[in-house]
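Chemist: My structure is below; once you've seen it, I'll send some questions.
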Amino acid sequence: MSLKSFFEKIKQDRVNADKLCDDESKTLSCNVFSYYKGVRFLKVPFRMNACSFGMIFWGKREPCSGCEAEETLRHEYGHYLQYKKLGFFKYVRFVAAPSLKGYFGGVPYNSYYSQPWEYEADVLGNVMRQNYSYELDAEQKYNEYKSKIKIKNR
């Protein structure tokens, strides 16, 4: 892709951008950047699924097997809400670091979203996973996790 066509795509996204967009498919159809429920959304040229760190980054790799792109976007929005609630340092300690450790440490898919910080992202993002069963103690682990973190008052 030429630099000129890249800037044309950005221009097109800028014209089409709706900061309050809550339509997952519209957000995902952007060329380079968009918004989802007021949160910046950026497609990055890396081989990754998606991640959230003050905004949502969307990689070139398809969402995990069994995951739909729309539910992955809602899940990442849930992580964004965690970031807003916890602040930078607590988010890194209680969400980002354990999430990356689980992802790269090989936590199997059937357990991954039962981890408390992932479960909470699903709850906050209103994700109803199809073909996925949370572990029986996921909610209990989540409640224990929440009691360990003192939420930053705004």
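Chemist: Out of everything in the range 1-31 that is part of a loop (DSSP other than H, G, I, E, B) and loosely packed, with under 15 Cβ neighbours inside 10 Å, what residue ends up being modelled with the lowest pLDDT? Break it down stepwise before answering.
Modeler: Taking the range 1-31 and keeping what is part of a loop (DSSP other than H, G, I, E, B), we get 1-2, 17-23, 29-31.
After this cut, where a residue has to be loosely packed, with under 15 Cβ neighbours inside 10 Å as well, the list is 1-2, 18-20, 22-23, 29.
Values: MET1: 65, SER2: 79, ASP18: 90, LYS19: 91, LEU20: 92, ASP22: 94, ASP23: 92, SER29: 89.
Top of the filtered list is MET1.
Chemist: Give the residues of the range 86-130 that are in contact with an Asp or Glu (Cβ under 7 Å, 6 or more places away or on another chain) and polar (S, T, N, Q), sorted by residue number.
Modeler: Once the filter is applied, which keeps residues that are in contact with an Asp or Glu (Cβ under 7 Å, 6 or more places away or on another chain) and polar (S, T, N, Q), the range 86-130 yields SER99, SER111, SER114.
Chemist: Has the range 38-49 got any residue that is in contact with a helix residue (DSSP H, G or I) (Cβ under 8 Å, 6 or more places away or on another chain), over 24 Å from SER111 (Cα atoms) and in contact (Cβ under 8 Å) with a residue 40 or more places away in the chain? Talk me through it step by step, then tell me what you get.
Modeler: Quick first cut of the range 38-49, residues in contact with a helix residue (DSSP H, G or I) (Cβ under 8 Å, 6 or more places away or on another chain) only: 39, 41, 49.
Those left that are additionally over 24 Å from SER111 (Cα atoms): 39, 41.
Checking which are in contact (Cβ under 8 Å) with a residue 40 or more places away in the chain leaves us with 39.
Yes, the conditions are met somewhere in the range 38-49.
Chemist: Within the range 99-123, work out how many residues are surrounded by 18 or more Cβ atoms within 10 Å (Cβ to Cβ) and closer than 16 Å to CYS51 by Cβ. So that I can check it myself, show each step before the final result.
Modeler: Looking only at the range 99-123, we keep the residues that are surrounded by 18 or more Cβ atoms within 10 Å (Cβ to Cβ), and these are 99, 113-122.
Now restrict to residues that are closer than 16 Å to CYS51 by Cβ: 99, 113, 115, 117-118, 120-122.
Residues flagged as surrounded by 18 or more Cβ atoms within 10 Å (Cβ to Cβ) and closer than 16 Å to CYS51 by Cβ within the range 99-123 amount to 8.
Chemist: Okay, next question. Pull up the range 81-94, narrow it to residues that are of a type in the set (A, V, I, L, M) and at pLDDT 95 or above, then point me to the one that is nearest to GLY38 (Cα to Cα). Spell out the reasoning first.
Modeler: Going through the range 81-94, the residues of a type in the set (A, V, I, L, M) turn out to be 81, 86, 92.
Now drop any that are not at pLDDT 95 or above, which leaves 81, 92.
Working: LEU81: 11, VAL92: 22 Å.
Per the criteria, the residue is LEU81.
Chemist: Continuing with the same structure: (1) under 30 Å from TYR145 (Cβ atoms); (2) surrounded by 15 or more Cβ atoms within 10 Å (Cβ to Cβ); (3) modelled with pLDDT of 90 or more: which one isn't true of SER34, the others all being true?
Modeler: (1)
Chemist: Would a scan of the range 133-154 turn up a residue that is in a loop (DSSP other than H, G, I, E, B) and either closer than 30 Å to SER29 by Cβ or touching a Phe, Trp or Tyr at 6+ places or on another chain (Cβ under 7 Å) (or both)? Give the steps one after another, and end with the answer.
Modeler: At the first step, the residues of the range 133-154 found to be in a loop (DSSP other than H, G, I, E, B) are 133-137, 149-154.
Subset that is either closer than 30 Å to SER29 by Cβ or touching a Phe, Trp or Tyr at 6+ places or on another chain (Cβ under 7 Å) (or both): 134, 149.
Yes, some residue in the range 133-154 is in a loop (DSSP other than H, G, I, E, B) and either closer than 30 Å to SER29 by Cβ or touching a Phe, Trp or Tyr at 6+ places or on another chain (Cβ under 7 Å) (or both).
Chemist: Here is a further query. Taking the range 47-69, which residues are of a type in the set (Phe, Trp, Tyr) and either modelled with pLDDT under 80 or in contact with a Lys or Arg (Cβ under 6 Å, 6 or more places away or on another chain) (or both)?
Modeler: Once the filter is applied, which keeps residues that are of a type in the set (Phe, Trp, Tyr) and either modelled with pLDDT under 80 or in contact with a Lys or Arg (Cβ under 6 Å, 6 or more places away or on another chain) (or both), the range 47-69 yields only TRP58.
Chemist: Let me ask something additional. Need the failing condition index for VAL92 against (1) over 27 Å from LYS141 (Cα atoms); (2) surrounded by fewer than 18 Cβ atoms within 10 Å (Cβ to Cβ), just the number.
Modeler: In the conditions (1) over 27 Å from LYS141 (Cα atoms); (2) surrounded by fewer than 18 Cβ atoms within 10 Å (Cβ to Cβ), VAL92 misses (1) alone.
Chemist: Now for a separate question. On the given criteria, is TYR83 crowded, with 19+ Cβ neighbours inside 10 Å, touching a helix residue (DSSP H, G or I) at 6+ places or on another chain (Cβ under 6 Å) and within 29 Å of LYS146 (Cβ to Cβ)? Step through it out loud before you land on a result.
Modeler: Working: crowded, with 19+ Cβ neighbours inside 10 Å: yes; touching a helix residue (DSSP H, G or I) at 6+ places or on another chain (Cβ under 6 Å): yes; within 29 Å of LYS146 (Cβ to Cβ): yes.
Yes: the conditions hold for TYR83.
Chemist: For a quick check of your reading: which helices (runs of 4 or more DSSP H) sit entirely within the range 57-117 and have at least 2 residues that are aliphatic (A, V, I, L, M) and free of Cβ contacts under 8 Å to residues at least 12 places away in the same chain?
Modeler: Of the helices (runs of 4 or more DSSP H) lying wholly inside the range 57-117, those with at least 2 residues that are aliphatic (A, V, I, L, M) and free of Cβ contacts under 8 Å to residues at least 12 places away in the same chain span 97-104.
The values are calculated or read from the model by the stated rules, or taken from the named source; none is laboratory data. Everything numeric in this text was worked out from a predicted model, so none of it was measured. Methodologically, a virtual Cβ is constructed for each residue, glycine included, from the backbone with ideal geometry; neighbour enumeration extends over all protein chains shown.
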